[in-house]
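Before any comments, here is the structure.
Where a number appears in this text, it was derived from the coordinates with a stated rule and is not lab data. Predicted, not measured: the structure shown is a model, and the values here were computed from it. Here the Cβ positions follow ideal geometry from the backbone for every residue, glycine too, while neighbour counts run over all protein chains shown.
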Ligand SMILES: [Zn+2]
Ligand SMILES: [Zn+2]
């Protein structure tokens, strides 16, 4: 099978031929339909994950079809269309696994970072950790839902967003654009905080009622004057500073939820936080049940990201463009 391999930190991806792997106990062999190119894949190559195991096939926004079952596997059946995400597997018996919070398992393993992922024609996955695709969901456009979609949907949920909430989303990239659409579909009122006025039109097209350009408007007071502040601010930008700049825009009892972050520390205005009982929280992607809910909600509301399909051979250049800041929109490696 054709595959692209990350051999070490700061080395370009190597395109190679490998044998189609054989599923072991508990595993399924999946013929990959598509795999999204995520900023975490660039992070892998740039050495942001000290626990990475090189050489490794990157990719954790996978859709495909089950074509083989390992010993002891009776579900999902051969022929089932499935999606797979960041969480490859977990211990299955710790307190977090027992309560369905497998993404918090101390022994979790990550697809495309410590085990081979979806930049290949076939991938081995764990039977209990794949998610059946709802009928009719296109495998290429749905691929980014496995990471960006899951992170956005679960981030809103962890932040307590519900119908009638005032939700502010920072950033309109892969996670941000989906977070805006999910929040609108949940019945929330949505504001968007962008860097410049350039994103205003896009934000309104996605359903936001307010766009704040942080380059010329202080987002804190602007959010406060928007119906008293935001109940949830979801940071989908790769900047901790951008998130901190909105803290003054939280309504009492409001939550700043970090999905995106930068290397800089988060500095908090403690007195206003105490007096208004503000919350700061963070959320990684999500557990298998969160992905089921994300896919069901996306299918029910027709929420799919705009993607640019590329070939496997174009994957190294896609990562280079991300590193250079010239990548626009979501790239998805399509095998179909
Ligand atoms: Zn566990
Ligand atoms: Zn990702």
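Using the Kirkwood radius over Cα pairs, work out the Stokes-Einstein diffusion coefficient for the stretch 150-282 at 10 °C and 1.306 mPa s, in µm²/s as a whole number.
Numbers: Rh = 14.0 Å.
Taking Rh from Cα pairs, D becomes 113 µm²/s.
Could you work out how far the C-alpha centroid of the stretch 212-261 sits from that of the stretch 54-106, in angstrom?
Result: 35 Å between the Cα centres.
Over the stretch 150-282, what relative contact order in percent results from Cα pairs under 8 Å that are six or more residues apart? Mind dumping the intermediate values first?
On the way: 303 pairs, mean separation 31.1, N = 133.
Result for the stretch 150-282 is 23 percent.
What per residue convex hull volume, in Å³, do the alpha-carbon atoms of the stretch 1-122 yield? Mind showing how you got there, number by number?
Working: hull volume 12.7 nm³, N = 122.
Taking only Cα atoms, the stretch 1-122 has a hull volume of 104 Å³ per residue.
What is the angle, in °, between the Cα long axis of helix 315-324 and the longest principal axis of the Cα atoms in the chain? Nearest 10 is fine, range 0 to 90.
In the chain, helix 315-324 runs at an angle near 30 degrees to the longest axis.
Cβ neighbours within 10 Å, averaged per peptide: list 77-88, 54-65 in order, most packed at the top. Present the calculation step by step, with values, prior to reporting the outcome.
Details: 77-88: 20.5, 54-65: 24.8.
For the peptides 77-88, 54-65, the packing ranking is 54-65, 77-88.
Using the alpha carbon gyration tensor of the stretch 79-141, what are the three equivalent-ellipsoid semi-axes (square root of 5 times each eigenvalue), largest first, in whole Å? Display every interim value, and only then the final one.
Details: eigenvalues 105, 44, 16 Å².
With the √(5λ) rule applied to the stretch 79-141, the semi-axes are 23, 15, 9 Å.
Arrange the peptides 231-238, 67-74, 279-286 so that the one whose residues have, on average, the most other Cβ atoms within 10 Å appears first. Mind showing how you got there, number by number?
Details: 231-238: 26.2, 67-74: 14.0, 279-286: 18.5.
Highest-to-lowest ranking by the protection proxy: 231-238, 279-286, 67-74.
At 0.36 nm per residue, and after removing the present C-alpha to C-alpha distance, how many nm does the segment from residue 51 to residue 22 gain when stretched out fully?
Details: separation 29, 0.36 × 29 = 10.44 nm, distance 2.50 nm.
Value of the extension gain: 7.9 nm.
Pick from 13, 104, 304 the residue whose mean-square fluctuation is largest in a GNM of the chain, springs joining Cα atoms under 10 Å.
104
Hey, what's the Cα Rg ratio for the stretch 237-333 versus the globular rule of thumb, 2.2 N^0.38 Å?
On the way: Rg = 18.1 Å, N = 97, 2.2 N^0.38 = 12.5 Å.
For the stretch 237-333, the normalised Cα radius of gyration is 1.45.
As a test of the formula, what do you get for the chain when each DSSP H run with n ≥ 4 contributes -39,500 (n - 2.57) and the sum is divided by the residue count, at 222 nm and rounded to the nearest 500 deg cm²/dmol?
Numbers: 11 runs with 86 residues, N = 336.
Rounded to the nearest 500, it is -7000 deg cm²/dmol.
Sort 254-260, 194-200 by packing, meaning the average of other beta carbons within 10 Å per residue, with the highest value first.
Working: 254-260: 23.9, 194-200: 16.1.
The most tightly packed comes first, giving 254-260, 194-200.
Of all the Cα-Cα pairs you can form in the chain, what percent are over 35 Å apart? Mind showing how you got there, number by number?
Working: 11870 of 56280 pairs.
That tail contains 21 percent of the Cα-Cα pairs.
How far is helix 174-186 tilted off the main Cα axis of the chain, in degrees rounded to 10, range 0 to 90?
Compared with the principal axis, the helix lies near 70 degrees.
Angle, helix 288-301 long axis vs. longest principal axis of the chain, Cα atoms, 0 to 90°, nearest 10?
With rounding to tens, the tilt is 70 degrees.
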